[in-house]
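The block underneath contains the structure these notes are about, expressed in structure tokens.
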Amino acid sequence: MGEHGNVAELSRVLDVNRTQLNRFLSGESFPRPDILQRFCDHFNVDARILLEPVESLKGPTTGLKQELEKYGSGYNYEASGRLHDGFYIFWKLTYGRPQKGQSILTLVKTVDGIQTFSGYMPKASGTYFMPSDPQKRRAGGIIFPQDDGFSMLAFDPQGRRISLSFMEYGYMSRLYVGASYLSTGDTPNTQPYVPVAMQQLPPDAQHVLAAARDSGLRPLETIPPAIRELLLASPAYS
């Protein structure tokens, strides 16, 4: 009210009957949803301030970009534009010995100016078995753009490990090749450094559904020849 001086001015600005506005202010009646929306839009407030105790409401949350910038103010976290949002197949060799191939349908999505990625790990994932419940096998993380490529920080769905992958920008804009490091030691059953590749899928449901059905562990010889050659030629392959 202090911004407009009096009820008459506010009723004119909001296009609300003056008598009705006085009834709202005195608590005799409550505005319809569309009228309430006018108040909220005009004063830039959350409607819950009229519906819930003020002390129960949280203040504005900090965005992901603002939170990250606390730790690296000189780093540009913004998506570079060279890696497009959409579905990809994340190809990798497993961390376990002997190695197998693995394909994971992965969604790259920009949130608050920062690219994120997510996918579902197969039930048997290299060094240990994943739960049957898909939600407990969901993994993902944040993509960090760099001059010559991008890094991917992934979180284990079981909360036990993280992995860091680096992909180089290449001449083939829909295919990226690199290596991934798992936060674990080198043991007889596990090797922490493996080759990886990301292949962008065409933007149609047919290719995405086919990739989803084909995701999982596989013998190395069943990986598409062009992808297999890139993985096996990587310095990370051993």
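The values are calculated or read from the model by the stated rules, or taken from the named source; none is laboratory data. Because the structure is a prediction, the values reported are computed rather than measured. Note that each Cβ is placed from the backbone with ideal geometry, even for glycine, and that neighbours are counted across all protein chains shown. What goes into the accessible areas is simple: the full protein's heavy atoms, side chains included, and nothing from ligands, DNA or RNA. Shrake-Rupley method; radii C 1.70, N 1.55, O 1.52, S 1.80 Å.
Some values worked out for this structure:
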| quantity | calculated |
| --- | --- |
| Residue, modelled with the lowest pLDDT, within region 139-175, restricted to residues that are of a type in the set (A, V, I, L, M, F, W, C) and open to solvent by 60 Å² or more (accessible area, probe 1.4 Å) | Met172 |
| Of residues in region 98-121 being assigned to a loop (DSSP other than H, G, I, E, B) and within 20 Å of Ser183 (Cβ to Cβ), the one modelled with the lowest pLDDT | Met121 |
| Residue that is modelled with pLDDT of 65 or more, within 30 Å of Leu232 (Cα to Cα) and open to solvent by less than 80 Å² (accessible area, probe 1.4 Å), where the choices are Gly5, Gly27, Gly81 | Gly81 |
| Members of region 213-223 found to be open to solvent by less than 50 Å² (accessible area, probe 1.4 Å) and out of contact with any helix residue (DSSP H, G or I) (no Cβ under 8 Å at 6 or more places or on another chain), listed by number | Ser215, Gly216, Arg218 |
| When residues of region 176-204 are limited to those that are open to solvent by 30 Å² or more (accessible area, probe 1.4 Å), out of contact with any Pro (no Cβ under 9 Å at 6 or more places or on another chain) and at pLDDT below 90, the one farthest from Leu83 (Cα to Cα) | Pro188 |
| Test: Val45 is modelled with pLDDT under 85, of a type outside the set (Ser, Thr, Tyr) and open to solvent by less than 40 Å² (accessible area, probe 1.4 Å) | no |
| Filter result (under 15 Å from Phe90 (Cα atoms) and either in a helix (DSSP H, G or I) or in contact with a Pro (Cβ under 9 Å, 6 or more places away or on another chain) (or both)) within region 205-221 | His207, Val208, Leu209, Ala210, Ala211, Ala212, Arg213, Asp214, Ser215, Gly216, Leu217, Leu220 |
| Tabulated pairs, region 140-153, first farther than 10 Å from Ser165 by Cβ and acidic (Asp, Glu), second assigned to a strand (DSSP E or B) and open to solvent by less than 10 Å² (accessible area, probe 1.4 Å), C-beta under 8 angstrom, 6+ apart or interchain | none |
| Matching option when the condition is at pLDDT below 90, hydroxyl-bearing (Ser, Thr, Tyr) and touching a Ser or Thr at 6+ places or on another chain (Cβ under 7 Å), among Tyr75, Tyr95 | Tyr95 |
| Some residue of region 231-238 being part of a helix (DSSP H, G or I), open to solvent by 40 Å² or more (accessible area, probe 1.4 Å) and closer than 28 Å to Gln135 by Cα | no |
